[in-house]
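Peer 1: Dumping the structure here so I can ask a few things about it.
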Amino acid sequence: MPNKNDPVFLGVDTSNYTTSLAAVSADGEVLANVKCPLKVAPGGRGLRQSDAVFEHVKNLPVAIEKLKEQIGVRPIVAVGYSEKPRNAEGAYMPCFLPGIAAAQSIALGSGALTYAFAHQDGHIRAACHSAGFVPEGRFAAFHISGGTTELLLVDREDNTLKVKLFGETRDLNAGQLVDRIGVRMGLSFPCGAEMDGLALANTAKLPPVKVCVKGADCNLSGAENLAASIFDKTGDRALACAYTFEFVAKTLIKMTEHLRAEHPGIPVVYAGGVMGSKYIKSRLNFEGAYFAEPALSSDNAVGVALLAYEKYRAEN
């Protein structure tokens, strides 16, 4: 355990999937990444916001205790937290309220500063850190999860991320597609990790995969019926999973190709829970593509802890 007198920067993130806490040292080293998944009833495909808020209220004391076990009682310089899903007008989700309250309570009791960020910015920052990518100028980021399927242009200004939407799904999010197929096949929500393993183990020939991408925007809902039909006809989970992940991968390939046509050579960071898929990663063979390890691709508080650390360093 690090010296109990060494100061730390904390991160708090309460998404619709996970209660997350993280700690970063005064040198920018990630010391802890605590995650407590929200409980979803068998057969469920997610949580209502009211249920997510309740789950976070139950999880936060447990997560705080786990963090304490990992780093001890340390001086806290600043606490970063997710206050909204993304930096867009009107962006709001009640599930972030317990995290805001916890972060402000921790800061009040310790005399620490607080910094509010968007959940999406935390995803991007954590992915950059995990991939060892240090942005110099503009870069692009995919945020691919259960709640978001977006292609973003990102600039770093005044030590904050300035994010502009470049492309997005017009219907279903990639994570929703994955989980709907997984739950249909009897897998436990969230289904991504188990489905990825099944997809990688598939040996059957895939049916033709025709995606729907127009410019930088995509449609994913058509894949749900197609993948469900494959499973209903064959009973082959691995084949249905491989088809689902191939559909997502080809969609991202097309979107990336459009991006690179307009912004040649731009670095691309792939973030979000769906991007923890080894199958999808293996299909995105672009030069200048950066991927996070699964722990920092899925929901986490490391990104907002790093953003708080960097913002504090820039201002002090």
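Peer 1: Taking into account only those residues within the stretch 221-258 that are crowded, with 23+ Cβ neighbours inside 10 Å and in contact with a strand residue (DSSP E or B) (Cβ under 6 Å, 6 or more places away or on another chain), which is nearest to Arg184 (Cα to Cα)?
Peer 2: Looking at residues that are crowded, with 23+ Cβ neighbours inside 10 Å and in contact with a strand residue (DSSP E or B) (Cβ under 6 Å, 6 or more places away or on another chain), I get Thr251.
Peer 1: Between a residue in the stretch 294-316 that is in the same structural domain as Ala118 (by TED's automatic domain parsing) and touching a residue at least 12 places away in the same chain (Cβ under 8 Å) and any residue that is of a type in the set (Lys, Arg) and part of a helix (DSSP H, G or I), which pairs come within a Cβ distance under 6 Å, given they are 6 or more apart or on different chains?
Peer 2: These pairs meet every condition: Gly303/Arg125; Leu306/Arg125; Leu307/Arg125.
Peer 1: Can you name the number of the only condition in (1) part of a helix (DSSP H, G or I); (2) farther than 25 Å from Glu262 by Cβ that Arg125 fails?
Peer 2: (2)
Peer 1: Condition first: more than 23 Å from Thr160 (Cβ to Cβ) and not in a loop (DSSP other than H, G, I, E, B). Now tell me which residues in the stretch 276-312 satisfy that.
Peer 2: Gly276, Lys278, Tyr279, Ile280, Lys281, Ser282, Arg283, Ala289, Phe291, Pro294, Ala295
Peer 1: Can you tell which of Leu60, Leu113, Leu108 is surrounded by fewer than 20 Cβ atoms within 10 Å (Cβ to Cβ), touching a residue at least 24 places away in the same chain (Cβ under 8 Å) and under 25 Å from Glu29 (Cα atoms)?
Peer 2: Testing whether each residue is surrounded by fewer than 20 Cβ atoms within 10 Å (Cβ to Cβ), touching a residue at least 24 places away in the same chain (Cβ under 8 Å) and under 25 Å from Glu29 (Cα atoms) leaves just Leu113.
Peer 1: Can you tell me which of (1) β-branched (Val, Ile, Thr); (2) surrounded by fewer than 19 Cβ atoms within 10 Å (Cβ to Cβ); (3) at pLDDT 95 or above is the one Val79 doesn't meet?
Peer 2: Looking at each condition in turn, Val79 falls short on (2).
Peer 1: May I pose another question? Out of Pro98, Pro94, I need the residue that is surrounded by fewer than 16 Cβ atoms within 10 Å (Cβ to Cβ), over 27 Å from Gly265 (Cβ atoms) and touching a residue at least 24 places away in the same chain (Cβ under 8 Å). Which one?
Peer 2: None of the other options fit; the residue is Pro94.
Peer 1: If you don't mind, there's one more thing I want to ask. Quick one: in the stretch 126-140, which of the residues that are over 26 Å from Phe189 (Cα atoms) and modelled with pLDDT of 95 or more is surrounded by the most Cβ atoms within 10 Å (Cβ to Cβ)?
Peer 2: Here the residue is Cys128.
Peer 1: Name every residue in the stretch 248-275 that is part of a helix (DSSP H, G or I), within 12 Å of Leu151 (Cβ to Cβ) and out of contact with any Leu (no Cβ under 8 Å at 6 or more places or on another chain), in order of residue number.
Peer 2: Answer for the stretch 248-275, where residues must be part of a helix (DSSP H, G or I), within 12 Å of Leu151 (Cβ to Cβ) and out of contact with any Leu (no Cβ under 8 Å at 6 or more places or on another chain): Lys254, Glu257, His258, Arg260, Glu262.
Peer 1: Between a residue in the stretch 157-174 that is over 19 Å from Tyr309 (Cβ atoms) and any residue that is in a strand (DSSP E or B) and basic (Lys, Arg), which pairs come within a Cβ distance under 9 Å, given they are 6 or more apart or on different chains?
Peer 2: Qualifying pairs under 9 Å: Arg170/Lys214.
Peer 1: On the given criteria, is Asp299 more than 15 Å from Ala141 (Cα to Cα), among the charged types (D, E, K, R) and surrounded by fewer than 18 Cβ atoms within 10 Å (Cβ to Cβ)?
Peer 2: No, not satisfied.
The values are calculated or read from the model by the stated rules, or taken from the named source; none is laboratory data. A quick note: this is a predicted structure, and the numbers were derived from the prediction, not measured. All Cβ positions, even for glycine, are placed from backbone atoms using ideal geometry, and neighbour counts span all protein chains on display.
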